[in-house]
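Presented below is the structure to which this report refers.
The values are calculated or read from the model by the stated rules, or taken from the named source; none is laboratory data. Source: prediction; values computed, not measured. Backbone-built Cβ (ideal geometry, glycine too); neighbour counts: all protein chains shown. Each accessible area value is taken on the protein alone, full model and side chains, heavy atoms only, with ligands, DNA and RNA left out. Shrake-Rupley method; radii C 1.70, N 1.55, O 1.52, S 1.80 Å.
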Amino acid sequence: MKKFKKFQLSGKCVDISSEGKGIIKYNNKVIFVNGLFLDEEALIEVDYDRANVYYGHILKLTNISKDRIQPKCKVCTACGGCQFQQLSYGAQLKYKQKKVYESLKRIGNIETKINECIGMEDPYNYRNKIQVPFGYDEKKRIVCGFYKEKTHKIIPIEECYIEDKRASKILKVIKSLMNKYKLKPYDEDLRNGEIRHVLIRTSKKYNELMVVLVMACNTFPGRKNFIKDLIDECPEITTIIQNTNLRHTNVILGEKEEVLYGKGFINDELCGLKFKISPKSFYQINPVQCEKLYKTVIDSASLNKNEVVLDAYAGVGTIGICAAKYVKKVYSVEIVKEASKDAFINAKDNKIENVSFICKDATKYIQELVLSNEKIDVILMDPPRTGSTPNFLNSVLKLEPSKIIYVSCDPATLARDLKILVEKYNILSIQPVDMFPMTSHIETVCALSLKKSC
């Protein structure tokens with residue numbers, strides 16, 4: 001491979017990419033630059049060329065945007081977790097609204113009005129779930145933090161300003177106990193060490209906090225005392241689980257779980273309903289914005305007591321359970337068995353009896369509905385970042401529900417999927433909801449109605 005020769009240039013940011021990088025045009029090429037905002041000018045060093053696109057970093061800003069602010073985080077330019085710590089929150093919301101518009105236009109050939117993004121009053125310390133890798137620094141000291149973008153290098157972080165404030169203390173204590181009990185971070189290359197990741201989940205409503213130790217071994221010496229010390233120093237922890245991942249993989253969680261302390265789950269509340277959260281359960285990471293998101297979903301659907309609803313990609317059943325009191329029946333479909341089990345318990349705990357839970361792949365289930373001629377009035381769908389599948393969407397076209405509410409965490413895959421659905425559906429509204437402040441990510445609620453001619 002030919003070695004890339006770095007070079008410097010002065011340039012102006014003409015746009016921001018879908019990943020939140022500043023864009024500079026140079027000799028018919030695009031240069032992506034982290035932390036460079038619209039209309040800013042800077043001296044840039046170009047570091048490498050990938051797929052005929054340059055990537056660089058700022059050496060010196062020569063013209064600064066009025067929207068640039070002083071970031072709270074000292075390592076935001078090195079850590080890959082945030083893109084917009086240095087951009088005013090109002091400018092972030094405008095960028096995200098534009099991102100949805102441009103994705104729909106470019107990918108889906110759909111040009112429609114995008115509502116203003118629903119933001120937060122306080123866009124910091126909102127994450128109720130973090131997954132932190134452990135490793136060594138150059139001096140062989142144990143560190144934890146987040147990976148530098150497109151690398152396996154851990155950027156040590158003492159305090160993250162988008163995660164729950166309680167997490168930082170717990171991680172510091174775990175590092176200290178690892179030294180005390182001579183536990184090593186797992187090394188992917190050498191395939192040795194014990195602790196791979198630590199996952200922390202918190203409840204907004206209740207004083208409940210979960211710690212998951214993701215281990216590369218079934219047990220470890222001194223485990224009982226390690227757990228006792230952790231609880232003594234961090235009494236806010238209400239449950240500790242060991243997740244064992246023996247695979248040589250980038251997948252964080254393994255299959256085996258063992259509860260070491262507490263109930264093995266935590267509870268939280270959304271829209272006045274109580275939800276059980278296990279280590280593997282999908283649950284929105286921003287509880288404040290999640291209530292706004294679900295209100296947008298329910299309002300957009302205009303539900304009534306005669307309707308049958310399919311809640312696809314249901315996770316722990318939050319959307320379907322919130323919708324249940326407005327409709328006749330909800331079928332909640334989720335492939336992850338732990339999440340589906342939690343969803344059943346959540347409905348029971350909330351005394352909701354008109355929701356049926358199906359642990360099955362959403363595509364397979366909807367294909368079965370088509371074959372059985374089952375009538376579905378409304379589909380609520382919240383697929384993963386990769387979006388839905390052509391088979392699922394084509395089955396939707398055959399079922400012809402009167403309404404679809406598509407909740408998306410990636411405007412690109414939303415645009416791709418809408419390109420199929422607009423064959424039979426009109427777009428009623430597109431509402432972005434900022435679930436992920438300081439990052440380039442955006443959640444979008446799209447409401448569709450069946451065309452009258454169909």
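Share of antiparallel DSSP beta bridges in the chain, in percent to the nearest 5? Don't skip to the answer; put the middle values down first.
Working: 67 of 97 bridges.
Just about 70 percent of them are antiparallel.
Label region 329-438 by shape, choosing from rounded, prolate and oblate, from the square roots a ≥ b ≥ c of the eigenvalues of the Cα gyration tensor; if a/c is under 1.5 it is rounded, and otherwise prolate applies when a/b is larger than b/c, oblate when it is not. Provide the component values of the computation, followed by the final result.
Values: a/c = 1.72, a/b = 1.18, b/c = 1.46.
Judged from the Cα gyration tensor, region 329-438 comes out oblate (a/c at least 1.5, b/c at or above a/b).
To the nearest 0.05, how large is the calculated FRET efficiency for K165 and K205 if R₀ is 22 Å and r is the Cβ-Cβ distance? Step by step, r from the Cβ atoms, then E = 0.85.
May I ask you to rank H197, H152 by accessible area, largest first, using a 1.4 Å probe over the protein chains only?
On the way: H197 25, H152 120 Å².
Ranked from most to least accessible, the order is H152, H197.
Annotation: amide H-H contacts under 5 Å for E269 (H modelled 1.01 Å from N, sequence separation of 5 or more, or interchain): K204, K205, Y206, F275.
Once you sort the root eigenvalues of the Cα gyration tensor of region 237-276 as a ≥ b ≥ c, which label holds: rounded (a/c under 1.5), prolate (a/b larger than b/c) or oblate (the other case)? Don't skip to the answer; put the middle values down first.
Details: a/c = 4.04, a/b = 1.84, b/c = 2.19.
Because a/c hits 1.5 or more and a/b fails to exceed b/c, region 237-276 counts as oblate.
Quick one: grab the alpha carbon gyration tensor of region 49-136, order the square roots of its eigenvalues as a ≥ b ≥ c, and give me rounded if a/c is under 1.5, else prolate or oblate depending on whether a/b is larger than b/c. In terms of gyration-tensor shape, rounded. Legend: distances between Cα atoms for K205/K274; K3/K139; K94/K165; K74/K99; pairs beyond 19 Å are K3/K139; K94/K165; K74/K99. A 1.4 Å probe over all protein chains sorts H248, H441 by accessible area into H248, H441, starting with the largest.
Note on the chain: the C-alpha convex hull projects to 23.7 nm² when averaged across all orientations. Taking amide H positions as modeled 1.01 Å from N, with prolines and chain starts lacking one, the residues under 5 Å from Q83 and 5 or more places away or on another chain are T439, S440.
Projected label points at K105 and L397, each 7 Å from Cα along the beta carbon direction, are separated by 2.6 nanometres. Converting phi to 3J(HN,Hα) with the Karplus coefficients 6.51, -1.76 and 1.60 and the offset θ = phi - 60°, region 195-205 yields 9, 8, 9, 10, 10, 10, 10, 10, 9, 7, 7 Hz in sequence order, with x at every glycine or proline. Farthest towards the positive end of the charge dipole of region 318-443, among the residues V370, V433, A347, is the Cα of V370, using unit charges on the Cβ of Lys, Arg, Asp and Glu.
How high is the relative contact order of the chain, given as a whole-number percent (alpha carbon pairs under 8 Å, six or more residues apart)?
13
Rounded to the nearest 20, the Cβ-based charge dipole of the chain about its Cα centre (Lys and Arg +1, Asp and Glu -1) stands at 700 debye. Accessible area per residue (1.4 Å probe, heavy atoms of protein chains only) ranks C359, C322 as C359, C322, with the largest value leading. In the context of the full set of protein chains, residues of the chain present 48 Å² of accessible surface per residue (probe radius 1.4 Å, heavy atoms only). Of the solvent-accessible surface of the chain, computed with a 1.4 Å probe and all protein chains present, 50% belongs to carbon and sulfur.
Would you calculate a helix-derived [θ] at 222 nm for the chain, using -39,500 (n - 2.57) for each DSSP H run of n ≥ 4 and dividing by the full residue count, to the nearest 500? Please list the in-between numbers first.
Details: 9 runs with 113 residues, N = 454.
So the calculated ellipticity at 222 nm is -8000 deg cm²/dmol.
As a length-normalised measure over Cα pairs under 8 Å and 6 or more apart, the relative contact order of region 265-316 settles at 35 percent. Each peptide in 222-231, 100-109, 4-13 receives the mean, over its residues, of other Cβ atoms within 10 Å, and ordering these scores from highest gives 100-109, 222-231, 4-13. Comparing Cα centroids, region 1-64 and region 303-318 end up 45 angstrom apart. Projected over all directions and averaged, the alpha-carbon convex hull of region 168-315 occupies 10.8 nm². Summary of the geometry: region 271-299 and region 127-145, compared by the centres of their Cα atoms, lie 28 Å apart.
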